[in-house]
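K.L.:
My questions will all concern the structure given below.
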């Protein structure tokens with residue numbers, strides 16, 4: 001009797017999944033680049049932000065946690081030799097007690113090439129986690145490649 005086929009068996013399946021995810025990320029980020037730039041410029045002139053700078057390295061964000069006030073920005077700078085993203089990450093339990101993750105629902109930088117930066121202005125108080133999707137895929141939850149922004153009123 002043969003074994004049922006698995007969707008992502010072993011290393012080959014994970015590699016295929018990663019390649020598909022990266023291809024989709026690239027396609028989405030190229031379409032959004034001009035929108036992000038225009039929106040960010042318009043918002044910055046209204047809120048006049050000041051804030052924090054976070055470096056993106058080979059395996060982490062530095063610093064991993066920053067604090068800003070409402071109306072301030074965080075700027076992420078890709079100081080690695082690889083491409084990265086800065087993508088919001090929200091884990092929660094829904095009403096049916098099922099674990100959920102919203103990826104990029106609050107902000108997503110698109111692909112940042114080495115030397116490129118991205119800024120986001122925070123307009124409400126809270127604690128916000130984010131990831132670089134390439135780091136998340138590389139470490140596959142073995143480490144914690146997440147960053148945190150704490151926004152106070």
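K.L.:
State which residue is nearest to residue 124 (Cα to Cα) when the search covers only the range 64-99 and only residues that are in contact with a helix residue (DSSP H, G or I) (Cβ under 7 Å, 6 or more places away or on another chain) and outside any loop (DSSP other than H, G, I, E, B). Working first, answer last.
P.N.:
First, the residues of the range 64-99 that are in contact with a helix residue (DSSP H, G or I) (Cβ under 7 Å, 6 or more places away or on another chain): 71, 82-85, 87.
Filter once more, keeping what is outside any loop (DSSP other than H, G, I, E, B): 84, 87.
Working: 84: 25, 87: 17 Å.
Out of the qualifying residues, it is 87.
K.L.:
Here is a further query. Please verify whether the range 133-148 includes one or more residues that are assigned to a loop (DSSP other than H, G, I, E, B), modelled with pLDDT of 95 or more and surrounded by fewer than 14 Cβ atoms within 10 Å (Cβ to Cβ). Quick ask: steps written out before the conclusion?
P.N.:
Within the range 133-148, the subset assigned to a loop (DSSP other than H, G, I, E, B) is 140-145.
Checking the rest, the ones that are also modelled with pLDDT of 95 or more come to none.
For the range 133-148, residues assigned to a loop (DSSP other than H, G, I, E, B), modelled with pLDDT of 95 or more and surrounded by fewer than 14 Cβ atoms within 10 Å (Cβ to Cβ): absent.
K.L.:
I've got another one for you. When only residues in the range 114-132 that are within 11 Å of residue 76 (Cβ to Cβ) and assigned to a loop (DSSP other than H, G, I, E, B) count, which is modelled with the lowest pLDDT?
P.N.:
Of everything passing the filter in the range 114-132, 132 is modelled with the lowest pLDDT.
K.L.:
Kindly list, by first and then second residue, each pair from a residue in the range 84-111 that is within 13 Å of residue 129 (Cβ to Cβ) to a residue that is not in a strand (DSSP E or B), limited to pairs with Cβ atoms under 8 Å and residues at least 6 apart or on different chains.
P.N.:
Correct list of pairs: 86/109; 86/132; 87/109; 87/132; 87/133; 103/133; 107/86.
The values are calculated or read from the model by the stated rules, or taken from the named source; none is laboratory data. Since the structure is predicted, the reported quantities are computational estimates derived from the model, not experimental observations. Note: ideal-geometry Cβ built from the backbone for every residue, glycine included; neighbour counts use all protein chains shown.
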